[in-house]
Amino acid sequence: MHGSTSYILATIFLFCISLLPPAYLRYYPFRPIATKKQCRILLAGHLAIFLLEFGILGTLFATETLPFKTGTFQGLYQFLYLPYVLLLMFTIRPYWFRHIFVLGLQSIYMLFIHTLTMEIFKLSWPENWYYDRWLPYFALYLLLFLIGMPFILRVFGRIFTREQLRQPKMAFWNYLGPVPLLLTYYHGSMGYFNLDPQLLYLPAIHIYTLLSRSMLVIVGIFLIIVIQSGFRQIKLMMWTKERTVKMQDELENINNYATALRDEQQKLSILRHDSRHQLRMLAELVESGHYDEAEKHLLMMRKEVEKH
């Protein structure tokens with residue numbers, strides 16, 4: 001084993017601690033809809049997972065069941081985050097593909113910080129890199145991760161809004177959700193740790209690694225911009241549709257009013273025509289001296305007017 005038991009336990013402790021900030025990043029975009037009960041479940045669950053993983057890893061390394069070397073920690077990173085992810089996905093649900101999308105974005109940021117940490121670690125403490133002394137590595141990784149947290153939280157805070165999370169899931173999430181995670185696994189499985197130690201110190205390797213991981217971060221940011229742009233376009237389309245429906249209703253009301261007005265005008269025209277005819281008859285009755293009949297006719301005209 002490398003170093004004393006206390007050194008190994010301290011390294012494992014920092015390793016397990018390094019899994020917690022990414023877990024908070026994965027939760028952060030969903031905080032607008034998280035209830036107090038869900039927050040308590042997540043807090044207690046994360047603490048339990050941390051203690052369980054720390055205890056298991058401490059036992060496995062202390063009994064030399066797991067070798068204390070670079071490849072071991074790289075492999076552990078591949079699956080020890082899963083309990084945290086599953087806890088979040090089953091606590092704040094049903095947002096499966098959106099959780100996977102956020103997991104991919106968080107993995108991109110984590111991979112970039114790991115790459116930056118490795119380059120600084122190799123150049124500053126090459127003997128620790130060569131002899132697999134990982135305590136200062138995890139300390140530096142945590143420091144860099146936390147330094148970048150204010151910026152990355154602002155980015156992650158803009159992925160979703162409460163309104164967007166409350167909307168039904170859109171079909172494109174089935175295809176877009178896994179993209180960042182697939183990109184991360186591709187870049188994380190390029191065999192960087194399997195290179196000859198002499199090649200790791202070549203300037204070209206440094207430049208290529210940093211540029212490729214930086215481009216991956218830029219791709220992640222563009223994905224967020226595309227998602228937000230898509231949401232804005234959908235919102236604009238929905239607003240336009242609602243406005244169109246409202247205008248159609250208003251036009252239908254105007255059309256109904258115009259039809260009713262036209263019908264009333266037709267009735268009024270008929271009434272005027274009938275009135276002129278009745279008045280001529282009334283005048284003829286008066287002129288001929290048939291006053292009783294004229295009175296009856298006048299009463300009938302009155303009833304007709306009242307009826308309309």
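The values are calculated or read from the model by the stated rules, or taken from the named source; none is laboratory data. Just so we're clear, the structure is a prediction, and the values are computed from it rather than from any experiment. All Cβ positions, glycine included, derive from the backbone under ideal geometry; neighbour counts span all protein chains shown. For accessibility, only protein heavy atoms count, side chains too; no ligands or nucleic acids. Shrake-Rupley method; radii C 1.70, N 1.55, O 1.52, S 1.80 Å.
Determine the per residue accessible area of region 242-285 with all protein chains present and a 1.4 angstrom probe, expressed in square angstrom.
89 Å²
Counting only helical runs of four or more DSSP H residues, what would the 222 nm mean residue ellipticity of the chain come to if each run contributes -39,500 (n - 2.57) and the total is spread over all its residues?
Estimated from H runs of four or more residues: -26500 deg cm²/dmol.
Just going by the charge dipole of region 5-119, with Lys and Arg at +1 and Asp and Glu at -1 on Cβ, which of 50, 30, 65 is farthest out on the positive end?
Of the candidates, 30 comes out farthest on the positive side.
How do 226-239, 93-106 rank on mean C-beta neighbours within 10 Å, highest first? Show your work: numbers first, answer last.
On the way: 226-239: 12.4, 93-106: 20.4.
Result, highest mean Cβ count within 10 Å first: 93-106, 226-239.
Percent relative contact order of the chain, based on C-alpha pairs within less than 8 angstrom and at least six residues apart?
After rounding, I find 23 percent.
Across the chain, how many lysine pairs, 8 or more apart or on two chains, come within less than 29 Å at their alpha-carbon atoms?
Lysine pairs satisfying the spacing and distance rule in the chain number 11.
Which values, in whole Å and largest first, are the semi-axes of the equivalent ellipsoid of the chain obtained as the square root of 5 times each eigenvalue of the Cα gyration tensor?
Equivalent-ellipsoid dimensions as semi-axes: 83, 21, 12 Å.
If you plug each phi of region 211-220 into the Karplus form 6.51 cos²θ - 1.76 cosθ + 1.60 with θ = phi - 60°, what whole-Hz ³J(HN,Hα) values come out, in order, with x for Gly and Pro?
Those phi angles translate into 5, 5, 6, 5, 5, 5, 4, 5, 4, x Hz.
Which order do peptides 137-145, 71-79 fall in by mean Cβ count within 10 Å, highest first?
137-145, 71-79
Which value, in debye to the nearest 20, gives the size of the charge dipole of the chain about its Cα centre, when Lys and Arg are +1 and Asp and Glu are -1 at the Cβ?
600 debye
With a 10 Å radius around each residue's Cβ, average the other Cβ atoms per peptide and rank 261-270, 45-54, highest first.
With the highest mean Cβ count within 10 Å placed first, the list reads 45-54, 261-270.
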